[in-house]
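Data first, discussion second: the structure below is written as structure tokens.
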Amino acid sequence: MTKSKLKLPNPPKNPLLYLLVLLTTLIVGFFSGSFYSEQQQFNLPTRATVARVIDGDNLELDNGQSIRLYGVGCPEKGEKFSQEAIDLSTKLALNKQITIDYQPNYSKDRWERLLGYVFIDDSFINEELIRQGYCQVTIYEKRAKLKYQDELIQAQEQAKQEKVGVWK
């Protein structure tokens, strides 16, 4: 019986070049090697039906997932105008097919709820809740500009000028 020896490759002639290529490969691999878009990685729905309105800015979808309206802060249950926000969300969204758009890099929160901008046909639900004065724009510190920040702020300014909802 003969012993087989493991043959190692010849050492590189230029170890510095070898090290540079190795480091470059590792860095490129780290930053882009197995990157998937957030929608592919988390299998985020872009269309769904609203099965239940949890509160003004939280909806439950027909697949059992919850979605929180991104960039919107509605009063909590029991607070002034919370019922109006719930009623408007119910009127606009319950049992309706929605389209969901996501804020880049912020598609889920720590409770695994989806975070998104919700549209029904030509109606932007996040914006409509603000325009009616039942919710306020929520801008998160140390994050990129909201995808629809200009539209949401404009709706809030309109609600303030018209003195509706929380702006009475």
Residues in region 52-78 that are under 14 Å from Thr90 (Cβ atoms), surrounded by 15 or more Cβ atoms within 10 Å (Cβ to Cβ), over 15 Å from the mean Cα position of the chain (by Cα) and touching a residue at least 40 places away in the same chain (Cβ under 8 Å): how many?
3
In region 32-49, is there at least one residue being at pLDDT below 65 and in contact with a Phe, Trp or Tyr (Cβ under 8 Å, 6 or more places away or on another chain)?
yes
If we keep only residues of region 117-168 that are more than 16 Å from Glu84 (Cβ to Cβ) and among the hydroxyl-bearing types (Ser, Thr, Tyr), then the residue surrounded by the most Cβ atoms within 10 Å (Cβ to Cβ) is Tyr117
Does Tyr106 satisfy the criteria of being farther than 23 Å from Lys80 by Cβ, of a type in the set (Ser, Thr, Tyr), in contact (Cβ under 8 Å) with a residue 12 or more places away in the chain and surrounded by 20 or more Cβ atoms within 10 Å (Cβ to Cβ)?
no
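The values are calculated or read from the model by the stated rules, or taken from the named source; none is laboratory data. Every value quoted in this text rests on a predicted model; they were computed, and no experiment measured them. All Cβ positions, even for glycine, are placed from backbone atoms using ideal geometry, and neighbour counts span all protein chains on display.
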